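Colleague: Handing you a structure now.
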Amino acid sequence: MEPLLLAWSYFRRRRFQLCADLCTQMLEKSPCDQAAWILKARALTEMVHVDEIDVDQEGIAEMTLDENAIAQVPRPGTSLKLPGTSQTGGPSPAVRPVTQAGRPITGFLRPSTQSGRPGTMEQAIRTPRTAYTARPISSSSGRFVRLGTALFEYIFHHENDVKTALDLAALSTEHSQYKDWWWKVQIGKCYYRLGLYREAEKQFKSALKQQEMVDTFLYLAKVYISLDQPVTALNLFKQGLDKFPGEVTLLCGIARIYEEMNNISSATEYYKEVLKQDNTHVEAIACIGSNHFYSDQPEVALRFYRRLLQMGVYNCQLFNNLGLCCFFAQQYDMTLTSFERALSLAENEEEVADVWYNLGHVAVGIGDTNLAHQCFRLALVSNNHHAEAYNNLAVLEMRRGHVEQIGDLQRSYAAAKKSEAAFPDHVDTQHLIKQLKQQFAML
């Protein structure tokens, strides 16, 4: 077979290393073969390619070096930095776990959230990211018709040299007399990676004036989210839906923003719209199932998770959720089987800890405190930083009467006031504060 055709076949089958090696052999014989250079650059890029649209979580470098000023006291419903801005139409934070930033934990693990953070600042800035995406190849990532575009992607993704990629994109834009929207998008991506959000916004807006593309709407919305302007991002997504009705990525973007703003009911509605367009969308199915579970509808959530199992999703998290749904839906015959399967599929210690923690909850539910104590201890063996397991162990020890210090009303009142500030509508906290005030009145 012709070497170039064989290399292209390797590329189409995602065997990128074989493709790059074969292109290297071709270039040793013919160093000026542009087709081989383009194909090799594409293969090396795809090995570490990450969809810039999906990667929306901030790392160490972004959080530490961010100099963008935002409102210290934003209006309710206008900021992603203030947890609990909108709690209408969904389960309360008292029953649904949240992240350290105060956002509800969703039913889907998005790119850049599953991997550990880089250990040093230098790694955070220089190390290329290697997450893959499930999105189909888009208009931006699919344009490799010339050596210049393939070279840019290679520099941007493989080498992670944003400054050189920016210089190349700027020269290419100047060469095209500022009429090529694709290069403007690439300049915007470079500015965004460098933290220059306002400059990136100008480039994306200019690209939209020349050519309206779905990816450009997504990139521009990502800029507004980084600037903590979720309302502007929502309006932009809806503007994009006017141009591209029923576009799944735009609908999913709206749902994610509502979810981060704790407006779970609106997020669920948009995830349902996503399923009307694509009934195999894993993120929408998982998030709707999670919402039903925390809304005291485990039977309905079980249907969504079973759907994921039928689609071929087979991992620890899914069986973990299936076990919890089976337990709360009183299908006890499947509960322990699901958790056993989750333990066998766990890939790291954190996943093992989560399974043992949930098994501890099952043990508490059936009244076996000894088994619950063992499960929570096993969770801590797997992950010594599992805060929830420490908390539940403390509750079990308190029920056993193993209390080291009691009667510190002032510290109890201070902790209760912090709980009230985090969640003002929590009934148990209000009752505790009322009892403490009565105790203070008796002193």
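The values are calculated or read from the model by the stated rules, or taken from the named source; none is laboratory data. None of these values were measured; they are calculated from a predicted model. Ideal geometry is used to build each Cβ from the backbone, glycine not excepted, and the neighbour counts take in all protein chains shown. Surface accessibility is based on the protein's heavy atoms, side chains included, excluding ligands, DNA and RNA. Shrake-Rupley method; radii C 1.70, N 1.55, O 1.52, S 1.80 Å.
Colleague: Could you give the nm distance between label points at Leu5 and Glu299, where each point is 7 Å from its Cα heading toward the beta carbon?
Modeller: Here the modelled spin labels are 6.0 nm apart.
Colleague: Let me ask you something else. Tell me, what is the 1.4 Å probe accessible area of His426, in Å² to the nearest 10?
Modeller: It works out to around 50 Å².
Colleague: Calculate the radius of gyration of the Cα atoms of the stretch 338-397 to one decimal place, then report Dmax, the largest Cα-Cα distance, as a whole number, both in Å.
Modeller: Computed over the Cα atoms of the stretch 338-397, radius of gyration and Dmax are 10.7, 31 Å.
Colleague: Any idea which of Gln239, Leu218, Ser206 is furthest toward the positive side of the dipole for the stretch 187-291, if Lys and Arg beta-carbons carry +1 and Asp and Glu beta-carbons -1?
Modeller: So the residue furthest toward the plus end is Ser206.
Colleague: By the scheme Lys and Arg +1, Asp and Glu -1, what is the net charge of all other residues having a beta-carbon under 14 Å from that of Arg307? Could you put the intermediate results ahead of the total?
Modeller: Details: positive: Lys272, Arg303, Arg306; negative: Asp278, Glu283, Glu299.
Net local charge, Arg307 excluded: 0.
Colleague: Given the Cα-Cα distance of Ser344 and Arg377 and 0.36 nm per residue of separation, how much length would full extension add, in nm?
Modeller: The Ser344-Arg377 span can extend by a further 10.0 nm.
Colleague: Hey, another quick one. Taking the Cα centre as origin and putting +1 on Lys and Arg beta-carbons and -1 on Asp and Glu beta-carbons, what dipole magnitude results for the stretch 154-219, to the nearest 20 debye?
Modeller: Once rounded to the nearest 20, the dipole reads 240 debye.
Colleague: Report the gain in length on full extension from Asp368 to Gln177: 0.36 nm times residue separation, minus Cα-Cα distance, nm rounded to one decimal. It would help to have the intermediate numbers written out before the result.
Modeller: Values: separation 191, 0.36 × 191 = 68.76 nm, distance 7.35 nm.
In short, 61.4 nm is gained.
Colleague: With the crude spin-label approximation of a point 7 Å out along Cα→Cβ, what separation in nm comes out for Glu388 versus Ala422?
Modeller: Between Glu388 and Ala422, the simple spin-label model gives 1.4 nm.
Colleague: Sorted by accessible area (1.4 Å probe), largest first, how do Leu302, Leu147 line up?
Modeller: From most accessible down to least: Leu147, Leu302.
Colleague: Could I ask something else about it? Note the full-extension length gain between Lys29 and Leu336 as 0.36 nm times their separation in residues minus their Cα-Cα distance, in nm to one decimal. Spell out each step's value before the answer.
Modeller: Details: separation 307, 0.36 × 307 = 110.52 nm, distance 6.11 nm.
Length gained between Lys29 and Leu336: 104.4 nm.
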